[in-house]
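Participant: Below is one structure. I have some questions about it.
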Amino acid sequence: MSTSLRNNQLALSATLAAVLVPTAIALVFFYAPVDEDGLNQKIFYFHVPIALAAYACFGWGAWKGLVHLWKGKPGADLESYVAIHLGVIFGAMTLLTGSLWAKFRWGHWWLWSERQLVLFLVLFLFYSAYFMLRYSVEPGPQRANLCAVYSLFGVVLIPISFLAIRLANQYIHPVAFNRHGPQMAGSQFFTFCVCLAAMLALFAALYQFELAGKRLDARLKELRELLA
Amino acid sequence: MSTYLADVATLARKDLRLELRVRSVVPSMLLFVVSALVVFHFALPSGSSDLAAKGLLWVAIIFTALLGLTRAFVAEREQRLLDGLLLAPCDRSAIWLAKTVSMLGFLVVAELVALPAFALFFSGIDGATVAGVALANLGICAVGTVLAAMAVAGRARELLLPLLFLPLAIPIVVGGVGASVADEPARYLGFLALYDAVFAIISWASFEYVVTE
């Protein structure tokens, strides 16, 4: 892909994020109604979209890993790494916002019965080990392969862990979505959708930005080696 | 197909023969699992329920497997054996399957001592626990072998494997402990079988990329 097209993508996603994130925050505080849970319910609009964005990051990272293994496309390894890196950051934020929500709603900072939170803890541990793996292997084709395989294990682990935690725990997590569609008012659902779009746009912008930086680093290193 | 299985059998026999000559992995696993059970006896206050002990049995099994898996690919890396194996005219996944089979053998030997020792020190073992252990072994060895091959590629080696393995072992612990303590173990055993099937397929398919460049 040409550099100008990449820059356009970065500019586009950054603009989208810059518009959507403030809009989402404004909607959360001025438009969405306060429901019976009071003000602390507002954290829902951040917690859930961040969690979904983290899944998107992990999924995208695994997809790029698959592309690397399948087609051997150069650069796919870096793209996979950047997506997983952002996924870990979003995952940490999910843990943080979930913990805050649990404190205000149920009075505890940590609840083992809150399944999504436990799932994110497992994923956080799993993907933190990804960095240990990546930085203990010399850069090169083998490292790219190992990381790609590990990222594929990750997307398989997500549903398996979800099932495991469901089996392990009793059930107290509030259910906002079920088979009968979203259990919230239309204005709340609209706000939620905008928040989700904002988080995904933020992910896309950060992804393009970090990728551009990493590519620049690699190019600079190449030029330095040519000069030396 | 028959040549594939013959390759697997040859490679697994190589591992077993190596172990019979050197006797490094299995004795350490045996000693470790018995020591761990003794430690757990003193870690549980008197009056603790049998359920807590059953949970600790699973901790012992996971860590014993981890001990064996850390050594799984050490000879291959240190003696440059892996280069020879990769040059051999066999499917790379056969290397994974053979190593999984031999690790499974080691783990089963360790458990043949561990489960009676557990029954002796703590409480009796029922059929569901044995079935859970048998199913969990498959998943532990299938996933553990791929991760062990990953870990030896890095500088950290022995340090790395537990970090890679434990998050993936959490569902095994959930299924195993559930099978041991729940009134209806069938769904937990089913979950373990699902885990085995899913991770065996992905490990089998991805092993080639772990050992080649």
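We did not get these values from a lab; they are worked out from the coordinates using the rules stated. Not measured: the values here are computed from a predicted model. Every residue, glycine among them, receives a Cβ derived from its backbone with ideal geometry; neighbour counts consider all protein chains shown.
Participant: Work out the mean other chain Cβ neighbour count within 10 Å for the residues of A:160-168 and drop it here as an integer. Display every interim value, and only then the final one.
Facilitator: Working: counts 12, 5, 1, 6, 11, 3, 2, 9, 8.
The shielding value for this peptide is 6.
Participant: Sorting check: for B:139-151, B:197-209, which peptide has the highest mean count of neighbouring beta carbons within 10 Å, and how do the rest follow?
Facilitator: Details: B:139-151: 27.3, B:197-209: 18.8.
Highest-to-lowest ranking by the protection proxy: B:139-151, B:197-209.
Participant: Treating each Cα of segment B:130-213 as an identical point scatterer and ignoring solvent, apply the Debye formula and state log10 I(q)/I(0) at q = 0.14, 0.20, 0.22, 0.27 Å⁻¹.
Facilitator: Each listed q corresponds, in turn, to -0.50, -0.86, -0.97, -1.23.
Participant: Stretched out fully, how many nm does the piece from A:Cys193 to A:Leu223 gain, at 0.36 nm a residue minus the Cα gap?
Facilitator: On the way: separation 30, 0.36 × 30 = 10.80 nm, distance 4.48 nm.
Result for the pair: 6.3 nm of gain on full extension.
Participant: In addition: Nearest 20 debye, what's the magnitude of the dipole of chain A about its Cα centre given +1 on Lys and Arg Cβ and -1 on Asp and Glu Cβ? Write out the running numbers ahead of the final one.
Facilitator: Details: 17 positive and 11 negative charges, 74 e Å.
Using Cβ point charges on Lys, Arg, Asp and Glu, chain A gives about 360 debye.
Participant: Of all the Cα-Cα pairs you can form in segment B:2-210, what percent are over 28 Å apart? Mind dumping the intermediate values first?
Facilitator: On the way: 6032 of 21736 pairs.
Of all Cα-Cα distances in segment B:2-210, 28 percent exceed 28 Å.
Participant: Normalized C-alpha radius of gyration of segment A:12-227, against 2.2 N^0.38 Å?
Facilitator: On the way: Rg = 19.2 Å, N = 216, 2.2 N^0.38 = 17.0 Å.
Compactness ratio reported: 1.13.
Participant: Next question, about the same structure. What is the distance in Å between the Cα centres of segment A:93-149 and segment A:1-68?
Facilitator: First find each Cα centre; the distance between them is then 18 Å.
Participant: Find, to one decimal place in angstroms, the Kirkwood hydrodynamic radius of segment B:1-85, where the mean of 1/r is taken over every pair of different Cα atoms and then inverted. Spell out each step's value before the answer.
Facilitator: Values: mean 1/r = 0.0648 Å⁻¹.
In segment B:1-85 this quantity evaluates to 15.4 Å.
Participant: Next question, about the same structure. On average, how many beta carbons from a partner chain sit within 10 Å of the beta carbon of a residue in A:148-159?
Facilitator: For this peptide, the per-residue mean of nearby foreign Cβ atoms is 5.
Participant: Output the pairs from A:Lys73/B:Lys99; A:Lys64/A:Lys214; A:Lys42/A:Lys103 with a Cα-Cα distance over 23 Å in this structure; if there are none, say none. All intermediate terms of the calculation are to be shown ahead of the outcome.
Facilitator: Numbers: A:Lys73/B:Lys99 30 Å; A:Lys64/A:Lys214 16 Å; A:Lys42/A:Lys103 14 Å.
With Cα atoms farther than 23 Å apart: A:Lys73/B:Lys99.
Participant: Evaluate Rg over Rh across the protein assembly as shown, taking Cα atoms for both radii and Kirkwood's formula for Rh. Mind showing how you got there, number by number?
Facilitator: Values: Rg = 24.3 Å, Rh = 24.0 Å.
Taking Rg over the Kirkwood Rh, I get 1.01.
Participant: Would you tell me the mean number of C-beta atoms belonging to other protein chains that fall within 10 Å of each C-beta in B:172-184, as a whole number?
Facilitator: Working: counts 2, 2, 9, 5, 0, 1, 3, 0, 0, 0, 1, 0, 0.
The shielding value for this peptide is 2.
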